[in-house]
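Structure first, commentary second.
The values are calculated or read from the model by the stated rules, or taken from the named source; none is laboratory data. On a predicted model such as this, the values are computed, not experimentally measured, just so you know. Heads up, the Cβs are rebuilt from the backbone with ideal geometry, glycines too, and the neighbour counts pull from every protein chain shown.
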Amino acid sequence: MNYYWLCAAVFAFTYCLNMTYISIFYHRGFTHEGIKINPAFQRFIISSGSWITGIDLKAWACMHRMHHMYSDTAKDPHSPKRWGLFGTMLGQLHSYNATLRGLIKGKPEYTSIVKDLDFDVSFLNRTRLWYLPYVLHVAVWLTCGFVFNAWLLGYAYFVGMMSHPVQGWLVNALGHAMGYRNFQVNDDSRNNTLVAWLCFGEGYQNNHHRFPKSAKFSVRWFEFDFGWHVARLLAAFGLVEIINAAKTIDPSQADLTEALPN
Ligand SMILES: [Zn+2]
Ligand SMILES: [Zn+2]
């Protein structure tokens, strides 16, 4: 295989692996329970999540539930209304750190939100070793470069694995500022087609805020939620079970809410 194609393939694989963890397991699984993860597989996700993504599962779920509770108000952890469109990139990091510290210190305003999740913050974060996953991914990059003289390949690996801040910004900022709305909800959520295509359907924020427990973020025939198909593939292998999914309906239908299950 041509070297550049190999680099592109490695980037695509690591990007999809990262998105699968965040969108399917962290978001649709643990946070909203639109899908149920098989118990043995669940233990694997809990212990591998921080290593793969660099992001703590419990802190992510807590922060994201706060986003739904306080969408686009002063208490929303990452609203562009609060942080500005570009400031949301740093705003989400600030809120993530605050959530992580709050959970580790056992502050009730954080712990009460995720009391149903019967696992702790990752030991990497409890023991101030949060940087180890980043060191690991940098080490893979440098090994590819120094040992195999494959710098671009190593870089493709690293950028794919560590793409979460960019995906997070696209969804959190653009998904609440630019795009169309299917539903009049009490926040600024939008369906942003480009972000949805880039981020496993996560860009359909307006649909998602209307039906947060649905494992499927698309509701119209022209909306393509790639993450939903990944979830169905995982379900076919018995790794997850789909609990709740919005139906696809005709766009000419006047009342979109009638065709939906929850
Ligand atoms: Zn949102
Ligand atoms: Zn959500």
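Key figures for this structure:
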item	result
Candidates V240, V219, filtered to the one that is surrounded by 22 or more Cβ atoms within 10 Å (Cβ to Cβ), within 16 Å of ligand 2 (Cβ to nearest atom) and either of a type in the set (V, I, T) or at pLDDT below 95 (or both)	V219
One residue from L198, L233 being closer than 15 Å to F25 by Cβ, modelled with pLDDT of 95 or more and away from ligand 2 (no atom under 16 Å from the Cβ)	L233
Cβ-Cβ under 7 Å pairs, at least 6 apart or on other chains, region 24-38 side within 15 Å of A236 (Cβ to Cβ), far side within 12 Å of ligand 2 (Cβ to nearest atom) and of a type in the set (A, V, I, L, M, F, W, C)	I35/A215
Selected residue (only one of N186, N206 is within 16 Å of ligand 2 (Cβ to nearest atom), over 23 Å from Y15 (Cα atoms), surrounded by fewer than 20 Cβ atoms within 10 Å (Cβ to Cβ) and in contact (Cβ under 8 Å) with a residue 24 or more places away in the chain)	N186
Selection from region 192-217 of residues that are touching a Lys or Arg at 6+ places or on another chain (Cβ under 7 Å) and outside any loop (DSSP other than H, G, I, E, B)	Q205, N206
Of all residues in region 96-121 being over 19 Å from G49 (Cα atoms) and among the aliphatic types (A, V, I, L, M), the one that is surrounded by the most Cβ atoms within 10 Å (Cβ to Cβ)	I113
Residue among G34, G54, G84, G49 that is away from ligand 2 (no atom under 13 Å from the Cβ), of a type outside the set (F, W, Y) and within 26 Å of S218 (Cβ to Cβ)	G49
Qualifying positions in region 122-138 - assigned to a helix (DSSP H, G or I), of a type in the set (A, V, I, L, M) and within 18 Å of G49 (Cβ to Cβ)	L124, L132, V135, L136
Whichever residue in region 139-183 is hydroxyl-bearing (S, T, Y) and assigned to a helix (DSSP H, G or I) and, among such residues, is surrounded by the most Cβ atoms within 10 Å (Cβ to Cβ)	Y157
